[in-house]
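Read the structure below first, then the notes.
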Amino acid sequence: MSNIGFGFIEIGTVTPKPQYGNPKPRLKRLVSHKSLLNSLGFNNDGVKKIQNRLKKFDHNCTLGINIGPNKSTPVDKFYEDYLICMRSLAEFADYITINISSPNTPELRDMHKKANIEKIIKVVLEERDSTNNKPKILIKLSPDENNQTYLELLELVNSSNIDGVIISNTSNNQKLKKELNVDNLPGGISGLAIKNKSNELLKFIKKNLKEEKILVAVGGVFDVDSYNEKIDMGADLVQMYTGLVFEGPNQVRRIVKNGR
Ligand SMILES: Cc1cc2nc3c(=O)[nH]c(=O)nc-3n(C[C@H](O)[C@H](O)[C@H](O)COP(=O)(O)O)c2cc1C
């Protein structure tokens, strides 16, 4: 990934225990919309195996590690899963992403509510402060919540040592899925179909987030223009996933070379 030009890389979502994820098929290309529908459900090898892999990985680029709870974990114990991931992985990370926004883990998006995320923030920040490398801590948000929920969450971010936010994860808005003829399927939409929605949220968050916090933008970046749009809206860093699938690896250097 760093060889094709990315300035930083985020791995995950990693969960404490290995999990297969949702049954296949779980990834659909919506080619005419330059979008994807995915319901992978955090398929990953679990913290232990990934920790061993990271020990052998001599990385020369900025590394983010995205963490989340297992599907089998009851919702009132989600915070323990974030803590387990922190204990095993924080030492390898330049930043940690607290993922509360996958639509494919039941009840995960309820963690946008202030009352639910307070405990997660507390244990993650305490654990971060006990590490040597002190990775930055970012929270990754869904594009489908209401403004009041975002504002309450941002109040917590602004008044704590959380370093920033990532805007946004995929959308499972039913109206959007209906327009794309996939409302009968599970999963979240990424790519061009969420670009505007993701950018609108980016603008809103920029307005309400303290200036010193880090704003990472993702959603519908395919080329120099869509990258520049996010930078112009105040993004400090930009990520790309679906764009890589549709445009191929050469697009990364083009964007880095010609973007702002
Ligand atoms: C196949 C696929 C798997 C994804 N898995 C994760 C994940 O495990 N954790 C996460 O936070 N976001 C995940 N995402 C969301 C992306 O990181 C990104 O937030 C979203 O796709 C919007 O960006 P894009 O339009 O550039 O794809 C996934 C997206 C896709 C398409």
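Derivation of every value follows stated rules applied to the coordinates shown; laboratory data play no part. Model, not experiment: these values are computed from the prediction. Neighbour counts are summed over all protein chains in view; Cβ atoms, including those assigned to glycine, are modelled from backbone coordinates with ideal geometry.
A few remarks follow.
- Seen from all directions on average, the range 1-134 presents a Cα convex hull projection of 9.4 nm².
- D_trans [Stokes-Einstein, Kirkwood Rh over alpha-carbon pairs] for the range 14-89, 37 °C, 0.692 mPa s, µm² s⁻¹: 233
- Separation of the Asp236 and Glu145 label points, Cα + 7 Å toward Cβ, nm: 1.9
- Compactness of the chain - radius of gyration and Dmax, Cα, Å: 17.3, 49
- Sorted by Cβ density within 10 Å, fewest first, the residues Glu10, Glu127: Glu127, Glu10
- Simple point charges give the picture: +1 on the Cβ of Lys and Arg, -1 on the Cβ of Asp and Glu, and for the range 1-153 a dipole about the Cα centre of about 600 debye.
- Here the simple spin-label model places points 7 Å from the Cα toward Cβ, and for Asn250 and Ser72 these points are separated by 4.6 nm.
- Beta-bridge orientation, the chain: approximately 30 percent antiparallel, per DSSP, counting only bridges with both partners inside.
- Among Leu156, Thr62, Ser35 the positive-end extreme of the charge dipole of the chain (Cβ point charges): Ser35
- Rounded if a/c under 1.5, otherwise prolate or oblate - the range 123-260, Cα gyration tensor axes: oblate
- Difference of contour (0.36 nm per residue) and Cα-Cα distance, Asp58 to Asp94: 11.6 nm
- Fewest-first sequence of Met240, Met1, Met111 by Cβ atoms within 10 Å of each Cβ: Met1, Met240, Met111
- Between Phe8 and Glu80, the FRET efficiency estimated from the beta carbon spacing at R0 = 35 angstrom works out to 0.80.
- Gain on full stretching of the segment that runs from Leu185 to Lys122 - 0.36 nm per residue minus C-alpha separation: 19.1 nm
- Distance between the range 23-71 and the range 76-119 - C-alpha centres, whole angstrom: 15
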